[in-house]
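Asker: Before I ask anything, let me first share the structure, which is written out below as structure tokens.
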Amino acid sequence: MNIKTEQRSASGHAWMLKYLQPAERWEEALPLGNGRLGGMVFGGTRQERIQLNEDTLWSGFPRDTNNYEALRHLKKARELIASHNYEEAEKLVEAQMLGVNCQSYQPLGDLYVDQLLVDEISSYQRELDLDAGIAAVRFMVGQTGYIREAFISAADQVLCLHYAVLGDIPLELVINLSSPHRHQVKITAPGGLALSGQCPTHVADNYRRDHPKSVLYEDGQGVHFQTHLQVIVDGKVIADEGKAQSTTDSISKLKVTGTRTITILLATATSFRGFDHIPTPDGDRLNVICRDQLNQAAAWTYEELRNRHIKEHQSLFRRVDLSLGNNQRAALPTDERLIAYRAGERDPELEALYFQYGRYLLMASSRPGTQAANLQGIWNQHVQPPWNSDYTTNINTEMNYWPAEVCNLSECHEPLITMIEELSKTGGRTAAIHYACNGWTVHHNVDLWRMSSPTGGSASWAFWPMGGAWLSLHLWEHYEFNLELDFLREKAYPLMKGAAVFCLDWLTESPSGELVSSPSTSPENKFLTPDGVPCSVSQATTMDMSIIRELFVRCIQAAELLNTDSDFCASVTQALAKLAPFKINQQGKLQEWQEDFPESEPGHRHVSHLYSLYPGNQINQQQTPDLVEASRRTLAGRIASGGGHTGWSCAWLINMYARLREADSAYRFIHTLLARSTYPNLFDDHPPFQIDGNFGGTAGIAECLLQSHLQQLDLLPALPKEWTDGYVSGLKARGGFTVDIEWENGKLTSARIVSSKGGACHISSATPFTVRDRTATLDVEGSYHVDFETEVMGVYQVSVG
């Protein structure tokens, strides 16, 4: 056994984004975050800009977004659908059963630091060390060197920016804060600034920027916030109390001279106290929070703050290590590597860096006690961001958390779990008001205030009440990877049951006796009616039925584990047997709709009808080989027509082809994701920026190396031939296992399994192996298998040859 256990970052800093110039645009800046506070570091020489975010800064406030007229039209919509009058059903849904759009995630503002530099700048370097969670800038002016480091500490809940000069010329800096919102900046003695501001009470969708009420502020309303800055320096600090020119402009600033080192600490707090609490200005409380955070952080030296941050950061980041091969390109600037990669040069180290970057981004945007990662994670500079930078639950929010468990960041899953719990409350009212159903539901857009009702606009996206059912399956995933019965009993199962209860009430019986969802859409896609009209509303779309089927199965499994709810399980079992089944059309493809409608957009970005292939598991080679082949043909057809053209859609294809064990196709889309849909800072380019592609890509790379969705540890199930030699350590598998794998010449050479909970372990590989003196047996499909019992915290070596 020769699994490499030393982190690559400890020798050569392989997990590093590097550049030879400052960022000129936001998509070149480097992200920092502690789950709550986020920053984009531009790395300018004469002016540093750090664009700031805080995860509870949203427009709006708690409000009732339910449509009290929707229920009156549900019966008529179902009748129109049953009579195949889909166009009229869609018109009715859009006119009477939708609602208002959700609110928007907001920027906090910017920290600017101007540096007086007279001579020419040389030897510039900018970097982000993923292993340490630190962004750094280094450059020379003449014979004098300058070093700047920035990090956002989860341990101390502050942003820390440190300047140092290597030479005798002292620093001369000017520091100020600004915000795009209504705000004021005041000098606080000694050596401090305090920004106070408020978010809008309403922000229209970003495509309505010219609307006279696209951004609305109301005195005393909305989320208020404060950001305090403290300068720690041996030199002289001069306060320059300027006069604001407007409510979004301030020239109060600090001037620092006569020092060779300076540390700037920044803390922020908001008046958000919960999704169901109306925020108030709350200035005194926010002031106390910020001052306390700064005082506590200032009690440490810079080196101590830095070490505390690194220790906490590495306790998560270093759980997983990965090598996909070495081509000696890691020392080159990242943007240059990306250009060469697009031109066809191989760079397996860049692919491994992309994997670890996804883990880094999840750590930086989702921690216990914070909000869940939204469409842009935690980073957004726009008051009217694309798609509100909200939670889009018909794929994007779920994709954000695909790597959480397998990539050994289970605690980063917790904010989503908390959001699900909160949505069960607002979603319970929506289920009752809109549909007269018990349980709870969520539609396709969610915001900080846990809006669960439909938005306005097209039914193709707005009318989709399956968001709660899909989200609740993340609870089961969290259980399966960690096997915590208390979590299943106290949180997961009650929420899953509530989502299932809604589905039981929502289903209707068709004339053939099947249970169907109606009205039903396949997210954001449309079919053609017999008259050739694009339409989205029908009944029993494949995605609806797939999610409901999987949720029912998981509820039955959970209830059996907990020895509870026998009557409920009986009802679910009866419904499960009557659900409308999968259908394969004459072309051998899996139908997206219950009827074999022509597709309005054959290359559509969503592949919703393949949910049961990934992230679900109802379509698999062991139990449904005919559906596997139909899924393969469906993907081929969708891609041939231009599918997978957005970043997140391309990432979904990676995971699906990994499940199909098509390593070449999975790698093709890994390459496409990096080469076509990645910004210079490695953010996913939808376009524009959406973080789901990063997370989906990371999950897809892991899925090529380890799968566990069929109650077995499948080692290297879809290993691309481009990754000839390599290793991975620290991946998690369902059943409470942690797995290390090593391979050479494209074949398994060794593995190591740690069982956290004990119990049965089933290992599968395309390469013969032994474990616990047991030799794997060959099945009819050409895979080798071993079953054995494990002990709690038992360690098991897998040997080859």
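Asker: If you filter region 52-93 for chymotrypsin sites (Phe, Trp or Tyr not before Pro), then keep DSSP loop positions with at most 13 other Cβ within 10 Å, what is left?
Answerer: Listed in order of number, the matching sites are Tyr68.
Asker: Moving on. Please give the calculated 222 nm ellipticity per residue for the chain, where each DSSP H segment of at least 4 residues contributes -39500 (n - 2.57) and the sum is spread over every residue; nearest 500 deg cm²/dmol?
Answerer: Using -39500 (n - 2.57) per qualifying helix, the result is -9500 deg cm²/dmol.
Asker: Continuing with this model, one more query. With no solvent and one point per C-alpha, what does the Debye sum give as log10 I(q)/I(0) for the chain at q = 0.09 Å⁻¹?
Answerer: Treating every Cα as an identical point scatterer, log10 I(q)/I(0) equals -0.87.
Asker: Step through the residues of region 326-343 one at a time and calculate ³J(HN,Hα) from phi using the Karplus curve (6.51 cos²θ - 1.76 cosθ + 1.60, θ = phi - 60°), rounding each to whole Hz and writing x for Gly and Pro.
Answerer: 10, 10, 6, 10, 5, 7, 7, x, 4, 5, 5, 4, 5, 5, 5, 5, 5, 7
Asker: Something else: Please give the FRET efficiency for Glu789 paired with Leu216, using the beta carbon to beta carbon distance and R0 = 51 Å, rounded to the nearest 0.05.
Answerer: That gives a FRET efficiency of 0.20.
Asker: Here is a further query. So how tilted is helix 348-365 from the main axis of the chain? Cα-based, degrees 0 to 90, rounded to 10.
Answerer: So the inclination is approximately 80 degrees.
Asker: Follow-up. Probe radius 1.4 Å, ligands and nucleic acids left out: which of Trp300, Trp506 has the largest accessible area, and how do the rest follow?
Answerer: Heavy-atom accessible area, descending, gives Trp300, Trp506.
Asker: Can you spot the lysines whose alpha carbon is less than 20 Å from Lys311's alpha carbon? Ignore those fewer than 8 places along the same chain.
Answerer: Answer for Lys311, where 20 Å is the Cα cut-off: none of the lysines qualify.
Asker: Using a 1.4 angstrom probe, figure out how much accessible area the chain has per residue, in square angstrom, rounded to the nearest whole.
Answerer: Value returned for the chain: 36 Å² of accessible area per residue.
Asker: Another one. In whole angstrom, and with the biggest value first, how far do the Cα coordinates of region 263-321 range along each principal axis?
Answerer: Cα spread of region 263-321 along its principal axes, largest to smallest: 44, 29, 13 Å.
Asker: Based on C-alpha coordinates, I'd like the Rg and Dmax of region 645-693, in Å.
Answerer: Radius of gyration, then largest Cα-Cα span, for region 645-693: 10.4, 31 Å.
Asker: Quick one: if you take sqrt(5λ) for each eigenvalue of the C-alpha gyration tensor of region 342-498, what semi-axes come out, biggest first, whole angstrom?
Answerer: 29, 21, 13
Asker: Still on this structure, I have one more. Within the chain, what whole-number % of the accessible surface is contributed by carbon and sulfur, with the 1.4 Å probe and all protein chains included in the calculation?
Answerer: It is 49 percent, rounded to a whole number.
Asker: Which Rg and Dmax, in Å, describe the Cα atoms of region 690-801?
Answerer: 13.9, 48
Asker: Using a cut-off of under 16 Å, list every residue of region 746-783 whose amide N is near the label point 7 Å from the Cα of Gln622 along the Cα-to-beta-carbon line.
Answerer: Correct set: 760-766, 777-783.
Asker: Next question, about the same structure. Go through Lys425/Lys526; Lys76/Lys526; Lys91/Lys526; Lys18/Lys253; Lys75/Lys578; Lys91/Lys578 and tell me which ones have a Cα-Cα distance over 23 Å in this structure.
Answerer: In this structure, Lys425/Lys526; Lys18/Lys253; Lys91/Lys578 exceed 23 Å between Cα atoms.
Asker: How far is helix 493-506 tilted off the main Cα axis of the chain, in degrees rounded to 10, range 0 to 90?
Answerer: For helix 493-506, the angle is close to 50 degrees.
Asker: Here's something else I'd like to know. Could you compute the FRET efficiency for Arg342 and Glu509, with r as their C-beta to C-beta distance and R0 at 56 Å, rounded to 0.05?
Answerer: Computed FRET efficiency for Arg342 and Glu509 comes out at 0.55.
Asker: DSSP loop GluC sites (Glu not before Pro) in region 317-385 with at most 13 other Cβ atoms within 10 Å of their Cβ, which ones?
Answerer: Taking region 317-385 and a limit of 13 other Cβ atoms within 10 Å, the loop GluC sites (Glu not before Pro) found are Glu345.
Asker: Starting from the coordinates of the alpha-carbon atoms of region 145-224, obtain the Kirkwood hydrodynamic radius over all distinct pairs and give the value in Å to one decimal.
Answerer: About 16.5 Å for region 145-224.
Asker: Report, to two decimal places, the Cα Rg of region 31-155 normalised by 2.2 N^0.38 Å (N = number of residues).
Answerer: Taking the Cα Rg and dividing by 2.2 N^0.38 Å, one obtains 1.91.
Asker: To continue, here is another question. Could you list the square roots of 5 times each eigenvalue of the Cα gyration tensor of region 290-411, that is, the equivalent ellipsoid semi-axes, sorted largest first and rounded to whole Å?
Answerer: Listed largest to smallest, the semi-axes of region 290-411 are 29, 23, 16 Å.
Asker: To the nearest 10 square angstrom, how much accessible area does Phe42 have with a 1.4 angstrom probe?
Answerer: Roll a 1.4 Å probe over it and Phe42 shows about 20 Å².
Asker: How big is the accessible area of Leu778 in square angstrom, nearest 10, if you roll a 1.4 angstrom probe over the protein chains?
Answerer: Here the accessible area works out near 100 Å².
Asker: What is the distance, in nm, between label points placed 7 Å from the Cα along the Cα-to-Cβ direction at Ala760 and at Gln184?
Answerer: My value for the distance between the label points is 6.8 nm.
Asker: Now, a different point. Taking every pair of alpha-carbon atoms in region 709-775, what share in percent sits in each 5 Å bin, from 0 to the bin with the longest distance?
Answerer: 4, 16, 29, 26, 17, 6, 2, 0
Asker: Using the beta-carbon distance between Asp64 and Glu120 and R0 = 41 Å, what value does 1/(1 + (r/R0)^6) give for FRET efficiency, to the nearest 0.05?
Answerer: Efficiency, rounded to the nearest 0.05: 0.10.
Asker: Would you grab the residues whose amide H sits under 5 Å from the one on Asn408? Only those 5+ places off in sequence or on another chain, please, with H modelled 1.01 Å from N.
Answerer: So Asn408 has HN proximity to Lys732.
Asker: Each label point is 7 Å from the Cα along the Cα-to-Cβ direction; what then is the distance between the points at Lys721 and Val100, in nm?
Answerer: 5.8
The values are calculated or read from the model by the stated rules, or taken from the named source; none is laboratory data. Computed from a prediction, not measured in an experiment: that's the story for all the values here. Don't worry about glycine lacking a Cβ; one is built from the backbone with ideal geometry, like all the others, and counts go over all protein chains shown. Protein only, heavy atoms only, side chains kept; ligands, DNA and RNA dropped before computing areas. Shrake-Rupley method; radii C 1.70, N 1.55, O 1.52, S 1.80 Å.
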